[in-house]
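Peer 1: Before I ask anything, let me first share the structure, which is written out below as structure tokens.
Coordinate-derived values only; no laboratory data. Worth saying up front: this structure is predicted, and the values here are computed from it rather than measured. Reconstructed Cβ throughout: ideal geometry from the backbone, glycine too, with neighbour counts over all protein chains shown.
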DNA sequence: TTAGCATGCGTAC
DNA sequence: TACGCCTGCTAAT
């Protein structure tokens, strides 16, 4: 269940574990069997992520993976694979296996198609080659709520529902603010914050967005316990008190996805602040 | 044991 | 805007 940090972490781990090694490639489930047979025994050239797309390169072609909502790509040392009927793809060097289940898609593509995937992605805060001006160009001419544009993969590649909710909170932005009303300096701060938050998430393997002063130890509260693991301000905290002001976190559905925000810290019409909540400068 | 939901996205209406 | 898809975790039965 991935936002961009998951696919970037996977790309790194695949490369570190398997690069230049001839791999066993199989599709026990069968839906990728033909391509798997073609790649079986080939060495891994490398793996790369662009937004939420994962590109696993071999000489004959690239495996293009999108995990969607429920896909998982997990490393294991268990042989043979458990539940093979759900195993779309297994890459293995005999010691470690990488198991792909439930992806939205997993296809073998050519170098030209691969280039098209990369070119059609919006700028990705996790990539050093990202050009935030492309995201700003989308933001400044959109009348849609900024919260909607933040999830547009052609504007902010790799950003998902958690990073969206949290970055809006950290900059005190009304989620329904029309994107074109977002001040340029707030956009700059949001982009820089995404680079920071998503980069940390790649390193740590979880999403933490809460400032030191709002951490459990500092506030004397219980740590967040759910499968997402990280400390966050508003994501999936509907009805619970805001760590900054105590107001119950609000939720609604927007374009088919849950949206979470604090009505007091992010009041209607709020155009946001460059300062991050809890950064100290605004205290 | 089952139902519902989830960090996503494409297609059809 | 509504729905389908793919799996696994959690809450409700």
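Peer 1: If I take the Cα coordinates of chain A and project them onto the principal axes, what are the three extents in Å, biggest first?
Peer 2: Computed over the Cα atoms, the extents are 58, 42, 31 Å.
Peer 1: Taking every pair of alpha-carbon atoms in the range A:54-126, give the share separated by more than 13 Å as a whole percent. Numbers along the way, then the final one.
Peer 2: On the way: 1825 of 2628 pairs.
Everything past 13 Å amounts to 69 percent.
Peer 1: Show log10 I(q)/I(0) for the range A:95-206 at q = 0.09, 0.12, 0.16, 0.18 Å⁻¹, two decimals, from a solvent-free Debye sum over equal Cα scatterers.
Peer 2: Rounded to two decimals, the profile gives -0.28, -0.49, -0.80, -0.95.
Peer 1: Further question: In degrees, nearest 10, range 0 to 90: what is the angle between the Cα axis of helix A:4-18 and the longest Cα principal axis of chain A?
Peer 2: The answer is roughly 30 degrees.
Peer 1: Counting only helical runs of four or more DSSP H residues, what would the 222 nm mean residue ellipticity of chain A come to if each run contributes -39,500 (n - 2.57) and the total is spread over all its residues?
Peer 2: Details: 8 runs with 81 residues, N = 283.
Mean residue ellipticity, 222 nm, calculated: -8500 deg cm²/dmol.
Peer 1: Another question, then. Can you pull the semi-axes for the range A:194-263, root of five times each eigenvalue of the Cα gyration tensor, sorted largest first, whole Å?
Peer 2: Working: eigenvalues 77, 62, 23 Å².
For the range A:194-263, the ellipsoid semi-axes come out as 20, 18, 11 Å.
Peer 1: Still on this structure: Given a Förster distance of 41 angstrom, what is the FRET efficiency for residue A:257 paired with residue A:38, based on the Cβ-Cβ distance and rounded to 0.05?
Peer 2: Working: r = 37 Å, r/R0 = 0.90.
Plugging the Cβ-Cβ distance into 1/(1 + (r/R0)^6) gives 0.65.
Peer 1: With a/c under 1.5 counting as rounded, go ahead and sort the range A:129-265 into rounded, prolate or oblate using the C-alpha gyration tensor (a ≥ b ≥ c being the square roots of the eigenvalues; past the cut-off, prolate if a/b is larger than b/c, else oblate). Provide the component values of the computation, followed by the final result.
Peer 2: On the way: a/c = 1.88, a/b = 1.44, b/c = 1.30.
Because a/c hits 1.5 or more and a/b exceeds b/c, the range A:129-265 counts as prolate.
Peer 1: Is the C-alpha gyration tensor of the range A:101-159 telling us rounded, prolate or oblate? Criteria: a/c under 1.5 is rounded; beyond that, a/b larger than b/c is prolate, otherwise oblate. Don't jump to the answer; show the numbers that get you there.
Peer 2: Values: a/c = 2.40, a/b = 1.65, b/c = 1.46.
Prolate.
Peer 1: Moving on to the next point. Could you give the length gained by full extension between residue A:75 and residue A:221, i.e. 0.36 nm per residue of separation minus their alpha carbon distance, to one decimal place?
Peer 2: Values: separation 146, 0.36 × 146 = 52.56 nm, distance 3.37 nm.
The span from residue A:75 to residue A:221 would gain 49.2 nm if fully extended.
Peer 1: Between the range A:45-91 and the range A:201-273, how far is it from one alpha carbon centroid to the other, in angstrom?
Peer 2: Each part reduced to its Cα centre gives a spacing of 31 Å.
Peer 1: Output the 0 to 90 degree angle, nearest 10, between the alpha-carbon long axis of helix A:184-204 and the longest principal axis computed from the alpha carbons of chain A.
Peer 2: For helix A:184-204, the angle is close to 50 degrees.
Peer 1: Could you order the peptides A:14-24, A:260-270, A:75-85 from most to least packed, using the average number of other C-beta atoms within 10 Å per residue? Let's see the in-between values first.
Peer 2: Working: A:14-24: 15.9, A:260-270: 18.0, A:75-85: 11.0.
Listed from highest to lowest mean packing, they are A:260-270, A:14-24, A:75-85.
Peer 1: Taking the Cα atoms only, what angle lies between the long axis of helix A:111-120 and the longest principal axis of chain A, rounded to 10 degrees?
Peer 2: 0 degrees
Peer 1: While we're here: Which FRET efficiency value, to the nearest 0.05, do you get for residue A:212 and residue A:188 by plugging their Cβ-Cβ distance into 1/(1 + (r/R0)^6) with R0 = 25 Å?
Peer 2: 0.60
Peer 1: Would you work out if the range A:1-40 is rounded, prolate or oblate? Take a ≥ b ≥ c from the square roots of the eigenvalues of the alpha-carbon gyration tensor; rounded if a/c is under 1.5, else prolate when a/b is larger than b/c, oblate otherwise.
Peer 2: Because a/c hits 1.5 or more and a/b fails to exceed b/c, the range A:1-40 counts as oblate.
Peer 1: Over the range A:116-264, what is the mean sequence separation of C-alpha contacts under 8 Å (at least six apart), divided by residue count, expressed as relative contact order in percent? Don't skip to the answer; put the middle values down first.
Peer 2: Values: 215 pairs, mean separation 28.6, N = 149.
Value for the range A:116-264: 19 percent.
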